[in-house]
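Student: Here it is, the structure, as structure tokens.
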Amino acid sequence: MIDIASCPLVDDAVAVAAGAARSGGSVLLGIDRTSIDVAFKDAQVDMTTSADRASQAAIVADLRATFPDHVIVGEEGAEPGADDAHVWYVDGLDGTSNYAHGIPWYAVSVALRCREHGADEVVAGAVFDPVHDQLFCAGRGLGATGNGEPLAGSAVAPLRAAVVVTQIQSADPARISRHAGTVERLLTTAGSVRSLGAPALVMAHIAAGHLGAYVERELAAWDVSAGQLLVEEAGGRVTDLTGARVATAAVTDVVASNGAIHDELLDALRGT
């Protein structure tokens with residue numbers, strides 16, 4: 001894990017991430033949801049909308065105002081920069097399908113990854129839920145907060161007492177079949193299983209102690225980065241299915257938890 005002293009941008013980056021996430025959220029609240037343009041990146045599941053693009057544009061404008069040379073990688077496209085040691089990962093609308101259908105569970109996710117000294121770590125992040133006006137922020141080594149109050153994940157254990165979120169965004173029959181096996185395994189080992197959408201928001205609520213764990217395969221960095229930092233700074237763990245800590249911007253499987261049930265959860269998932 002990166003030494004906090006090696007990335008002097010952390011304090012400023014947390015503040016900028018928070019402001020940018022709020023800017024994106026304001027855009028989402030101001031859009032007439034019934035008039036948005038909707039398209040699919042796959043056959044029927046991976047949705048994108050004009051709201052995603054408008055929110056990301058507002059976030060990019062905020063980030064550029066303070067960090068004009070940083071690279072920005074968003075779900076709706078990337079913005080080059082001269083300083084490729086600092087890369088922002090942006091999801092202007094985390095939970096697009098929920099938003100498009102009027103389900104009030106979606107968020108904006110903004111995170112900075114620092115690639116200095118051979119590391120690739122998230123050092124600052126914010127997840128904003130505009131529906132409930134909840135802003136979750138974290139800085140590497142500085143802790144996590146929800147609307148300014150310190151966050152600590154729950155101490156719920158064992159796994160049979162925990163609420164676990166697992167979900168999939170795919171129309172591929174093979175992936176769907178594999179996911180069904182994961183759901184079946186969790187239904188027999190966890191206290192309760194949910195599929196909520198909006199990965200960053202799910203991870204924010206693990207950090208807040210409302211959920212015990214989250215499992216999903218093949219997630220992109222804009223889905224994971226801010227949420228991972230929140231979970232870890234609140235005392236939890238984020239690994240892949242083998243138990244290796246996530247320390248990459250590459251697409252990855254994710255197991256996030258309060259920490260107390262992590263090893264038991266990995267054991268339950270083995271072979272799925």
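The values are calculated or read from the model by the stated rules, or taken from the named source; none is laboratory data. Treat the numbers as computed from the prediction; the structure is a model and nothing was measured. Reconstructed Cβ throughout: ideal geometry from the backbone, glycine too, with neighbour counts over all protein chains shown.
Student: Being surrounded by 24 or more Cβ atoms within 10 Å (Cβ to Cβ) and of a type outside the set (A, V, I, L, M) is the filter here, so list the residues in region 238-268 that pass it.
Tutor: Those that are surrounded by 24 or more Cβ atoms within 10 Å (Cβ to Cβ) and of a type outside the set (A, V, I, L, M): Ser257, Asn258.
Student: Residues of region 232-257 being touching a Leu at 6+ places or on another chain (Cβ under 7 Å) and either within 21 Å of Thr182 (Cβ to Cβ) or of a type in the set (S, T, N, Q) (or both), which ones?
Tutor: Leu241, Gly243, Val251, Thr252, Asp253, Val254, Val255, Ser257
Student: Please work out which residue is surrounded by the most Cβ atoms within 10 Å (Cβ to Cβ), limiting yourself to region 87-107 and to residues that are aromatic (Phe, Trp, Tyr) and touching a Phe, Trp or Tyr at 6+ places or on another chain (Cβ under 6 Å).
Tutor: Tyr99
Okay, residues lined up against (1) among the aromatic types (Phe, Trp, Tyr); (2) crowded, with 24+ Cβ neighbours inside 10 Å; (3) closer than 19 Å to Ala162 by Cα:
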residue	(1), (2), (3)
Thr189	no, no, yes
Tyr214	yes, yes, yes
Glu218	no, no, no
Trp222	yes, yes, no
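Student: Within region 144-164, can one find any residue that is more than 15 Å from Glu233 (Cβ to Cβ), in contact with a Pro (Cβ under 9 Å, 6 or more places away or on another chain), in contact (Cβ under 8 Å) with a residue 12 or more places away in the chain and not assigned by TED's automatic domain parsing to the domain that holds Ile176?
Tutor: no
Student: Output the residue which, of all residues in region 165-187 that are free of Cβ contacts under 8 Å to residues at least 60 places away in the same chain and surrounded by 15 or more Cβ atoms within 10 Å (Cβ to Cβ), is farthest from Ala220 (Cα to Cα).
Tutor: Val183
Student: Another one. Which of the residues belonging to region 175-213 are of a type in the set (Ser, Thr, Tyr) and in a loop (DSSP other than H, G, I, E, B)?
Tutor: Selection gives Thr188, Thr189, Ser195.
Student: For region 65-99, name all the residues that are of a type in the set (Val, Ile, Thr), assigned to a strand (DSSP E or B) and over 15 Å from Thr48 (Cβ atoms).
Tutor: Val71, Ile72, Val73, Val87
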